[in-house]
Structure formats: structure tokens, C-alpha cells
Amino acid sequence: MTTQPLHIGILAHSAEGATLSYRTVWQEGVRKMGAHDHPRITMSGGPMAPTLALWESGDLAALRQIFWEDAERLAAAGADFFILPDNTAHIALEEPGPDFPIPCLHIAEVVAAQAEADGRQHIAVLGTNWTMEGPVYKNVLARRALKRSIPEADDREIIHKAIFDELCLGEFREDTRAEFIRIIGDLQNKGCDAVALVCTEIPLLITEEVSPLPILDSTRLQAKAAVAVAVGEATMPTWRG
């Protein structure tokens, strides 16, 4: 009897990133399993709007509870493990609290593992201000002895504003793309040998074809890693927060 692939849960927070994640999971499933085939996928997530005030106030406990409840919905639907295609949200996932009902495949761990596998040493990190300045990538890269750099303050503000005012709303402008390319070029000049696109919408704006640096696409890397787990090519995650 053929073993059924594991059931992947996608915990949606930002719509464009979650949509890209879903698309990548089924595309990678088809690549590995054959035409019209992929692991079972369940997605759960509410609108981002009610969470924005919580991010601004730094109420990580309340945010974690929201994500915990969505993880519970995924577990109830039969998901074996979940991914959260939103890097900033992992700040809240890492807060103290009850274990998540099912394991989570941590997006930053996936990105850092790929950077290490590619032989990178100095990673530029682009995401929301919370992600660029926060602990998740600082810690996960340091554990692998990888150096991390982030843009200057003015450029961090450009990126943060573009994410919420444009990218999360499905707007991808050429002038914004040019600014991101400039910022990546500046980080290349500071010695970075790869850029981690760790807002899950940035890969819709910046691709390998236009980036001055090789990219680490957090959205697609996590989704592909999830499929590898589902089909038995990678170890089941054990992290529950």
C-alpha cells in the first residue's frame, strides 16, 4: 500500500504571502508526486487588520494566542504539522506559552539551513522593521555562525512602509522595485553574499533576475521544505513553540 503524504497546514497571516505559499506547496507536490497530485493542504487564518494594533503595541502574547487558535483549527482539520508563511509572526510564535497543538516548520530555520547549505557567510535581511530589528533572524543565523546585516534606518522605513502599503495589498510598483534593488546593492557593497527576503511578499517584487545578490526566498523555501516533510524526504518537525 502506498503511504499517504502528510497533511500540511498553512496558517495564513498576510494574504499574499500565504497565497504564494499555497501555490508553491501544490506546485512542488506536482513536481515530486506527478500531475494533479500533491499533499493535502488546509489553510486557516483571519484578516490581518485586527492584529496590526497588537503589533504596534508589542502585545506578542495576544498575537501568539491568535496564531495558537488557528493552529488548533488546522489540527482539528487533520493537519499533521503547520507552516506560517509570515516571518514577523514567528516573533510571536517564539513567545512563551502553551505548546502549539501540532508541530511548526519554523521559517527562519529553513532559510538559515539553506544559507548554510549554499555556503553563504554574510546574509542581508530584508523584511518588516520588526523582523529586521527583531530577534528571530539575529538568533537563528548566529546559531549557525552566519553574519547578518540589515539596511540603514531610512531604508528600513522604506521597506517597512512598502510592505504594508503596497506588497501586502497586492501592489507591485517599478519605483519600489528600484528602491529595493538599490538597498540590496548597498548591502552587497558592505560584504553580504546573499539576501534573505524574509517578508513573504518580497519575492513577488524581487527575483533572482533583478537582485544584485543571490536570494533566499523564505516563502518558497518553507513551502518546498514542507512538501519534503510531507512526502517523507525530510524529518517531521518537532518544534511547538
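Would you kindly state the longest site-free stretch of the chain, with sites defined as GluC sites (Glu not before Pro) in a DSSP loop (not H, G, I, E, B) surrounded by at most 13 other Cβ atoms within 10 Å?
1-151
Test of the criteria: in the range 136-192, which chymotrypsin sites (Phe, Trp or Tyr not before Pro) are in a DSSP loop and have at most 16 other Cβ atoms within 10 angstrom of their Cβ?
Counting only loop positions with at most 16 other Cβ atoms within 10 Å, the chymotrypsin sites (Phe, Trp or Tyr not before Pro) in the range 136-192 are 172.
Would you check the accessible area of residue 68, probe 1.4 Å, heavy atoms only, in square angstrom rounded to 10?
Accessible surface of residue 68 is approximately 50 Å².
Which whole-number value in Å² is the accessible area per residue of the chain, probe 1.4 Å?
On a per-residue basis, 44 Å².
Test of understanding: in a Gaussian network model of the chain with alpha carbons linked when under 10 Å, which of 167, 204, 216 would top the mean-square fluctuation ranking?
Answer for the Gaussian network model of the chain: 204.
Can you give the accessible area of residue 169, probe radius 1.4 Å, in Å² rounded to 10?
The accessible area comes out at roughly 130 Å².
Pairs of alpha-carbon atoms within less than 8 angstrom and 6+ residues apart define the contacts here; what relative contact order does the chain have, in percent?
26 percent.
Report, largest value first, the span of the C-alpha coordinates of the range 1-144 along each principal axis, in whole Å.
Here the Cα extents, ordered largest to smallest, are 50, 38, 26 Å.
Residue by residue through the range 93-105, what is 3J(HN,Hα) from phi via Karplus (6.51 cos²θ - 1.76 cosθ + 1.60, θ = phi - 60°)? Round to whole Hz and write x for glycine and proline.
Coupling constants for the range 93-105: 4, 7, 5, x, x, x, 4, 5, x, 9, x, 10, 8 Hz.
Do any trypsin sites (Lys or Arg not before Pro) in the range 83-168 lie in a DSSP loop with no more than 15 other beta carbon atoms within 10 Å, and if so, which?
The qualifying sites are 144.
Under 26 Å from the Cα of residue 32, which lysines turn up, not counting those fewer than eight places away in the same chain?
224
With a cut-off of 8 Å between alpha carbons and a minimum separation of six or more residues, what is the relative contact order of the range 17-126 in percent?
It comes to 23 percent, rounded to a whole number.
Hey, which lysines would be in cross-link range of residue 190, C-alpha to C-alpha under 25 Å, not counting anything within fewer than 8 residues on its own chain?
138, 147, 161
First compute the accessible area of the chain with a 1.4 Å probe, then give the percent of it belonging to carbon and sulfur atoms.
That fraction is 50 percent.
222 nm [θ] for the chain, helices only, -39500 (n - 2.57) per DSSP H run of 4+, per residue, to 500?
After summing the helix terms and dividing by the residues of the chain, the value is -15000 deg cm²/dmol.
The values are calculated or read from the model by the stated rules, or taken from the named source; none is laboratory data. Note that the structure is a prediction, hence the values are computed from the model and not measured. Please note: Cβ atoms are built from the backbone with ideal geometry, for glycine as well, and neighbour counts cover all protein chains shown. Surface areas here come from the heavy atoms of the whole protein model, side chains and all, with no ligands, DNA or RNA. Shrake-Rupley method; radii C 1.70, N 1.55, O 1.52, S 1.80 Å.
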